[in-house]
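The values are calculated or read from the model by the stated rules, or taken from the named source; none is laboratory data. Just so it is clear, the structure is predicted and the values come from calculations on it, not from any experiment. Here the Cβ is made from the backbone with ideal geometry for all residues, glycine too, and neighbour counts use every protein chain on show. These area figures cover heavy atoms from the full protein model, side chains too; ligands, DNA and RNA do not enter into them. Shrake-Rupley method; radii C 1.70, N 1.55, O 1.52, S 1.80 Å.
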Amino acid sequence: MTKTHNHVRELTVTAMLCAIATVLMFLDFSLPMFIPSFVKMDVSELPALLASFSLGPVYGVATCLIKNILSMIFHGSTGGIGEVCNFLLGASFVGTAGVIYRLHKTRKGAVAACLIGAVVMAVVSVPVNYFISYPVYAAMFGGIDNIIAAYQELRPGTNGLLECLLVFNMPFTLVKGLVDAVLCFLIYKPLSPVLHGRH
């Protein structure tokens, strides 16, 4: 009976976190002084990171998947390609962090998990954007040269898509992961009773 109760609680908490993540994904915004405006900042990985730490990495990845499916249904504007890439990046972040934290359930372990997860997401962003998202965006925005030109407005010497991704997108993605991590540390303890069913 307890096992069933725990499973129901885990599914309920995951559903709640998925709903919050979907709303947060809608609240994206641009930082045009740092990166072209078609690259958006959001903190929608935060609920998935909470799920990964409190319930396990599978639940964190599941939260990333469900929020992107819901976003594609209600908010999609890239034919699903933006959501696919968002899922791949988010899953690499929260999945990595969740696995490391499961092996080292200490405060230091949590810090290391977030840092390594953010780095993994930043590195993964390069091939994901290079091979998946930007070819689609190039077709939408009239060619890859137009995309590179948007980066060159910020850094005139930028040459080629790979350099754009290494100089702009990878650090941006790293910062995005670190912002999620900081927010997670700020709210995890107050939310812990709800996440772990001790309220």
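How much length is gained on full extension from HIS104 to PHE185, taking 0.36 nm per residue of separation minus their Cα-Cα distance?
Contour length minus the Cα-Cα distance gives 27.6 nm.
Please label the shape of region 131-177 as rounded, prolate or oblate, based on the square roots a ≥ b ≥ c of the eigenvalues of the alpha-carbon gyration tensor (a/c under 1.5 means rounded; beyond that, a/b larger than b/c means prolate, else oblate). Numbers along the way, then the final one.
Details: a/c = 2.16, a/b = 1.24, b/c = 1.74.
Cα axes put region 131-177 in the oblate bin.
Might you report the magnitude of the Cβ-based charge dipole of the chain about its Cα centre, with Lys and Arg at +1 and Asp and Glu at -1, to the nearest 20 debye? Don't skip to the answer; put the middle values down first.
Numbers: 12 positive and 9 negative charges, 200 e Å.
Roughly 960 debye, rounded to the nearest 20.
Using 1/(1 + (r/R0)^6) with R0 = 30 angstrom and r between the beta carbons of LEU65 and PHE34, what's the FRET efficiency to the nearest 0.05?
Numbers: r = 28 Å, r/R0 = 0.95.
Here the calculated transfer efficiency is 0.60.
For region 89-188, give the magnitude of the charge dipole about the Cα centre (Cβ charges: +1 Lys/Arg, -1 Asp/Glu; no others), in debye to the nearest 20. Let's see the in-between values first.
Working: 6 positive and 4 negative charges, 128 e Å.
Result for region 89-188 is approximately 620 debye, rounded to the nearest 20.
How large is ³J(HN,Hα) for each residue in region 92-105, as worked out from phi by the Karplus curve 6.51 cos²θ - 1.76 cosθ + 1.60 (θ = phi - 60°), to whole Hz, x for Gly and Pro?
So the J values, rounded to whole Hz, are 5, 6, 6, x, 4, 4, x, 5, 5, 5, 4, 7, 9, 7.
State in Å² the accessible area per residue of the chain; use a 1.4 Å probe, count heavy atoms of protein chains only, and round to the nearest integer. Could you put the intermediate results ahead of the total?
On the way: 10110 Å² over 199 residues.
Per-residue value: 51 Å².
Using only alpha carbon pairs under 8 Å that are at least six residues apart, calculate the relative contact order of the chain and give it in whole percent.
On the way: 264 pairs, mean separation 43.4, N = 199.
Computed over the chain, the figure is 22 percent.
Can you tally the lysine pairs in the chain where the Cα-Cα distance is under 26 Å and the two residues are eight or more apart, or on different chains?
Value for the chain: 11.
Cα axis of helix 45-54 to longest principal axis of the chain: angle in degrees, 0 to 90, nearest 10?
Compared with the principal axis, the helix lies near 30 degrees.
What's the angle, to the nearest 10 degrees (0 to 90), between helix 2-26's Cα axis and the longest principal axis of the chain?
Long axis of 2-26 versus the principal axis of the chain: about 30 degrees.
Got a number for carbon plus sulfur as a percent of the chain's accessible area, 1.4 Å probe?
Working: 7170 of 10110 Å².
For the chain, the apolar C and S fraction of the accessible surface comes to 71 percent.
Please work out which option in [x] 17.4; [y] 17.9; [z] 16.7 gives Kirkwood radius over Cα pairs in Å calculated from these coordinates, and answer with its label.
Evaluating Kirkwood radius over Cα pairs in Å on these atoms matches [x].
Placing +1 on the Cβ of each Lys and Arg and -1 on the Cβ of each Asp and Glu in the chain, which of CYS85, ILE148, LEU11 has its Cα farthest towards the positive end of the resulting dipole?
My answer, from the dipole projection, is LEU11.
For a quick protection proxy, order the peptides 97-105, 135-143 by their average other-Cβ count within 10 Å, most packed first. Working shown, then result.
On the way: 97-105: 18.3, 135-143: 14.0.
With the highest mean Cβ count within 10 Å placed first, the list reads 97-105, 135-143.
Quick one: compute the contact order of region 67-168, relative version, from alpha carbon pairs under 8 angstrom and 6+ residues apart, as a percent.
Working: 81 pairs, mean separation 21.6, N = 102.
That works out to 21 percent.
Roughly speaking, what is the stretch gain from THR4 to PHE131, that is 0.36 nm per residue apart minus the C-alpha to C-alpha distance, in nm to one decimal?
41.4 nm
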